[in-house]
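> Before I ask anything, here is the structure I am working with.
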Amino acid sequence: PLNVVLLIRDAAKAPDVSALPLLGLPDASFVTFDDRPNLLTKREVRLLVLGELQLQPAQTVWDIGAGTGTVAIEIARLCPKSTIYAIEKTAAGTGLIEQNCQRLQVRNVISIYGEAPEILYRLPAADRIFIGGSGGKLRSILSVCDRQLTQNGVIVLALSTIEHLNIALTWAEEWNWQYRLLQVNLARSVPVAHLTRFAPLNPVTILTL
């Protein structure tokens, strides 16, 4: 007749920031969704995205569909004089972005709670844009980015489905954007008893516009 539930807050231990690498933070450095712990841009893919963005100092960067903020935080640590807007449409994601910024002592990421493309009109023009998620509005998001991107700017997308890749390529050809594709198929080593095997990560296509 009487039931008691005891909830214990288990705060994730903050990493020693001084011991972290300048580039390529371990995935375990970030707090993620409890029900979807693997929902983040993996370290190996982040490294490739950062290279494709062709970052320069003191830029304005958008991270659309920022999730837990992994890409935005990597950019912020590499480019402390840049301002990174991490746009996320879920309150849970926005909270995780802010928590990760605090854990990793990053102060040049501005967490934006809102849905693209509508929220993008409120932001300053971007020099670099990363699109990690589109919420089914990829074409309209790209059209806003086309208008809000500075001269010689770069847009990078990480796409996991053929349909989204087709939408992005069709848009790029219609609007005469130059682009290149990088198909990423990676596997990490994992222990199996006293042996080792490879476990593949989900394939990702990186599209640079």
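The values are calculated or read from the model by the stated rules, or taken from the named source; none is laboratory data. On a predicted model such as this, the values are computed, not experimentally measured, just so you know. With ideal geometry, Cβ positions are generated from the backbone for all residues, glycine too; neighbour counts draw on all protein chains shown. The area values use the complete protein model at the heavy-atom level, side chains included, leaving out ligands, DNA and RNA. Shrake-Rupley method; radii C 1.70, N 1.55, O 1.52, S 1.80 Å.
> Quick one: what are the phi-derived ³J(HN,Hα) couplings along region 122-135, Karplus 6.51/-1.76/1.60 with θ = phi - 60°, whole Hz, x for glycine and proline?
Karplus values, whole Hz, x for Gly and Pro: 8, 9, x, 4, 9, 8, 9, 9, 10, 10, x, x, 10, x.
> Quick query: amide H of I110 versus all other amide H atoms, modeled in the peptide plane; which residues come in under 5 Å with a sequence gap of 5 or more or a different chain?
Under 5 Å from the amide H of I110 lie the amide H atoms of I84, Y85, A86, each far enough along the sequence or on another chain.
> Ignoring ligands, DNA and RNA, what percent of the accessible area of the chain is carbon or sulfur (1.4 Å)?
That share works out to 54 percent.
> Over the chain, average the accessible area per residue using a 1.4 Å probe and give it in Å², no decimals.
With the other protein chains kept in place, the chain gives 57 Å² per residue.
> Relative contact order for region 16-68: what percent, with Cα pairs under 8 Å and sequence separation of 6 or more?
41
> Right, here's the next one. Pop the C-beta distance of I162 and F33 into the FRET formula with R0 = 22 Å and round what comes out to the nearest 0.05.
0.30
> Enter the Cα centre distance for the pair region 40-87 and region 1-39, rounded to the nearest angstrom.
Each part reduced to its Cα centre gives a spacing of 21 Å.
> Sticking with this structure for a sec: Mind ordering 65-75, 133-143 by average Cβ neighbours within 10 Å, highest first?
65-75, 133-143
> Now for a different question. Do the sum for the chain: with -39,500 (n - 2.57) for every DSSP H run of n ≥ 4, divided by all residues, what is the mean residue ellipticity at 222 nm, to the nearest 500 deg cm²/dmol?
-8500 deg cm²/dmol
> Give the relative contact order (percent, whole number) for the chain; include only Cα pairs under 8 Å separated by 6+ residues.
Computed over the chain, the figure is 17 percent.
> Per residue of region 200-209, what does 6.51 cos²θ - 1.76 cosθ + 1.60 with θ = phi - 60° give for ³J(HN,Hα)? Whole Hz please, x for Gly and Pro, Karplus curve as stated.
Whole-Hz 3J(HN,Hα) from phi for region 200-209: x, 8, 4, x, 9, 9, 9, 10, 10, 10.
> If you take every DSSP beta bridge fully contained in the chain, what fraction is antiparallel? Give it as a percent rounded to 5.
45
> Identify all lysines with a Cα-Cα distance to K89 below 23 Å; exclude those on the same chain that are fewer than 8 residues away in sequence.
K42, K137
> Right, another one. In whole Hz and in residue order, list the ³J(HN,Hα) couplings for region 64-72 that follow from phi through the Karplus curve 6.51 cos²θ - 1.76 cosθ + 1.60, θ = phi - 60°; x for Gly and Pro.
Working through the residues one at a time gives 8, x, 6, x, 9, x, 4, 5, 4 Hz.
> Further question on the same structure: Convert 25 °C to kelvin, take the viscosity as 0.890 mPa s, use the Kirkwood radius over C-alpha pairs of region 39-86 as Rh, and evaluate the Stokes-Einstein diffusion coefficient in µm²/s, rounded to a whole number.
Answer from the Stokes-Einstein relation: 228 µm²/s.
> Measuring from the lowest to the highest alpha carbon on each principal axis, how far does the chain reach, largest first, in angstroms?
63, 44, 42
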